[in-house]
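Written below as structure tokens is the structure these notes are about.
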Amino acid sequence: MRTLIFTFVSIIFFISASCKQDSDSELVWKETEKSVQFLYDPFYKEYPRILSDLVQENGQTCFASGEDPNFKIQVCINEEGISQFAQILSSWKEDTLVSEFNSLLSDGSEYRIGTYPFSGIKNKIETYKFALIGDRKFNSLSSRLAWDRSQFNLKNHFKTFSIFFLSNGTYILVLSPFGDRDVYLGLSFRAPGLEEEIQNLLRAKNEIGLETCVSSLPIVTEIFGETSSLGRWIEIYNPNTFPICEEGMELGLFGTKVSIPKTTGFLSPYESRVYAEDTASFERISLSGIKWADLKKPGKLSLTREGLSFEFNLPGTGYLFGETYYSWKGNSFSNCETSSKFCMDPGENQTSEPESKSSCDPNDFELEELNPNGLLHKHILHEDWKYLDLIYKGRKICDPSSLKINWGKNLFPIRISRKISEGELLSIGNLPFLLGNSSYSFSIFKSVAATDKVSLSNSKGIEKVLWDGNFQTPKGSPTRIVLQKTNGETVSICFENGNIFLHPYVNADSDYVQSEIGLENSRTSAGRKFCPRKEVDKAKFSEVSWMGSYQGVDPISKDRFLEFVSLSENYPDSAYLEIIQGNGTVISILLPLEKESLTVLSSGKSICFPQTEFWKDTSFSLPSSGSNILRVYDPYSGELWDEFIYTSSGPGINDTRNKIRKSAYSKMEYGSRVWSVSQYLGKPYRDPGCALTDAHPGILE
């Protein structure tokens, strides 16, 4: 009896003592007793911490998942089961299936945790009454009440936890696999009133967001427009400390406008959102009506609402380089330090990647060689083997992976496997023979010309123009530049100490010339420093066909050609030609010269001399009337090497009545140079239908 009285008095005393505590202490006491808490604050103005791990809270061990602190679930557990809980959590992260384990929450109620395949999770949640969905894969499982990303705001557009409230009163917290893995984490427990708490908190916070949002604009931060297993997408971001209203926002792309799909009605401060095509395989909001293929075109993507507009520059190219897909961030492609099939970070709310202190400065690079035509390989011109060689002039060792190269309408990220030092080359192009070279960055340059601008830039927007397309020589700027022969042979353009010139022949004893590529491309040096110049002798005109040919009775004006000769050991590698017409019009052409042999220039393949190879200027022509002057100069000094003056009367014959054409030919007679009429003596091969055309391009009489 005395024991019962003592117990009763003790209870009264405890209640009395508890009631004397202030209200703040009472709230703290209640919070620490609660095992499961859900937090949602879309107006949090800092970058959150993304976690799914065990943490310490008010002296308790709790499992926390989500974005801390703006969107988080926290489940506090009893000390006795911590080790087993941690082991199962580690197994989930390692994509390993393990047996279930059960223990107690901090309030004494039971929980069960395990790792499961998707089918196992699917069986466990079949009877759910309400769900908060953080992984879109669960959206298709049932038509029951489920709130997904359209009912809550995150800072990052990633997968997050899902909570399922079952008909038996149990909750199951589900965490999806990491990346492409397969194992799910499931944690089941009881938490009376959690369903209503989640719904009420989301409704209340979202209502505040709608009441306080501003009709401003977010910005477009990242896009991806290549067809792939991932899908095409557009990322937008709210860089402000206030929420932005969704209503009235539109995306515009080449005349097509689509409204931003409605979710909570607002973007929270510092929130990233990803809108993607329906087939996209990652966490996103579906966007219909846009022509996704247009993201590869040059132009702009716009984000607008009444009176406001934000424009985002498109790359104007594809997003696949080699075997890697890259997203575009407005100024540069994404920068990945590790090798990956997809170099991008859709949904991550950092607007820019911090560049390493070792990143290269675009201003420390110069162009060393430019090849806009491709290379010969096994007697076939591979036009997609265009390339650029850059030389690094900086003093520090640096990482070029944050740079991008722009040539004409082509824009590519620089990707090499190491840092570079002063004086090293960086080769950029589609060059199979350089695969494995640590200084080679793969790119396929399309539709480029020698006169297209070349620039190098980084993700901070710093840009250096390496080549403005204006070929200046001491003699002047030529109207046209000849870089290709009718057999596919090409010549690169060299850049050295501020000088621009045609690539000379590589030394015969060079290991490059002795290589398979070098043998067929002796006036290029991809991936190698070789652009020297030397003192040279003069080149002169040796044959001029200003009238063309006759094939039968048909005049062939495209057969007009010029032939140059320089037979000394100090042969010039190029010449600057001027064609001065009787009306004063001047056409200038910079062209390569053959080594110790004749050089022949025309508009392309000859009709009457089909086996002769010409240096090709598709616009080449010579006037056939009036008084005209041809001059050839040293392109580096401007010295006049030779001059040829002609009229329709000669030198050379253009007999339109009798369909006879004979080129003018220079030869030495009695120690003096004279111009005479050519005689065809059987070489080179001449089409049988051109019997009344006398010329011998590429052959000395």
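Residues in the stretch 583-640 that are aliphatic (A, V, I, L, M) and surrounded by fewer than 16 Cβ atoms within 10 Å (Cβ to Cβ): Val586, Ile629, Leu640. With respect to (1) surrounded by fewer than 20 Cβ atoms within 10 Å (Cβ to Cβ); (2) in a loop (DSSP other than H, G, I, E, B); (3) within 34 Å of the chain's Cα centre (by Cα), the lone exception for Phe43 is condition (3).
Of Ser309, Ser302, Ser288, Ser272, all but one fail to be closer than 21 Å to Ile50 by Cα, of a type outside the set (A, V, I, L, M) and either crowded, with 20+ Cβ neighbours inside 10 Å or not assigned by TED's automatic domain parsing to the domain that holds Arg181 (or both); the exception is Ser272.
If you check Pro432 against the conditions, is it under 29 Å from Lys297 (Cα atoms) and exposed (fewer than 14 other Cβ atoms within 10 Å of the Cβ)? When the stated conditions are applied, Pro432 passes them. Quick check on the stretch 432-440. Is at least one of its residues under 23 Å from Glu323 (Cα atoms) and touching a helix residue (DSSP H, G or I) at 6+ places or on another chain (Cβ under 6 Å)? Yes, because at least one residue in the stretch 432-440 is under 23 Å from Glu323 (Cα atoms) and touching a helix residue (DSSP H, G or I) at 6+ places or on another chain (Cβ under 6 Å). Going through (1) more than 22 Å from Arg136 (Cβ to Cβ); (2) over 23 Å from the mean Cα position of the chain (by Cα) one by one, Phe266 falls short only on (1). Kindly indicate whether Phe189 is aromatic (Phe, Trp, Tyr) and within 30 Å of Lys300 (Cα to Cα). In short, no.
The residues of the stretch 685-700 that are touching a residue at least 60 places away in the same chain (Cβ under 8 Å), surrounded by fewer than 17 Cβ atoms within 10 Å (Cβ to Cβ) and assigned to a loop (DSSP other than H, G, I, E, B), listed by number, are Tyr685, Leu700.
Residues in the stretch 275-285 that are surrounded by fewer than 20 Cβ atoms within 10 Å (Cβ to Cβ) and among the acidic types (Asp, Glu): 2 in all.
Summed over the stretch 225-257, the residues that are in contact with a Pro (Cβ under 7 Å, 6 or more places away or on another chain) and not β-branched (Val, Ile, Thr) give a count of 7.
Would you mind stating whether Val674 is in a strand (DSSP E or B), modelled with pLDDT of 95 or more and not basic (Lys, Arg)? Judged against the criteria, Val674 is not a match. Scanning the stretch 166-179 for any residue that is farther than 30 Å from Lys45 by Cα and out of contact with any strand residue (DSSP E or B) (no Cβ under 7 Å at 6 or more places or on another chain) turns up at least one such residue. Residues of the stretch 552-579 that are among the aromatic types (Phe, Trp, Tyr) and within 25 Å of Ile645 (Cβ to Cβ): Phe561, Phe564, Tyr576. Which of the residues belonging to the stretch 85-108 are surrounded by 15 or more Cβ atoms within 10 Å (Cβ to Cβ) and among the polar types (S, T, N, Q)? Once the filter is applied, which keeps residues that are surrounded by 15 or more Cβ atoms within 10 Å (Cβ to Cβ) and among the polar types (S, T, N, Q), the stretch 85-108 yields Ser91, Ser103, Ser106.
Across the stretch 216-260, the number of residues qualifying as surrounded by 21 or more Cβ atoms within 10 Å (Cβ to Cβ) and of a type in the set (Gly, Ala, Ser) comes to 1.
The values are calculated or read from the model by the stated rules, or taken from the named source; none is laboratory data. Model, not experiment: these values are computed from the prediction. Don't worry about glycine lacking a Cβ; one is built from the backbone with ideal geometry, like all the others, and counts go over all protein chains shown.
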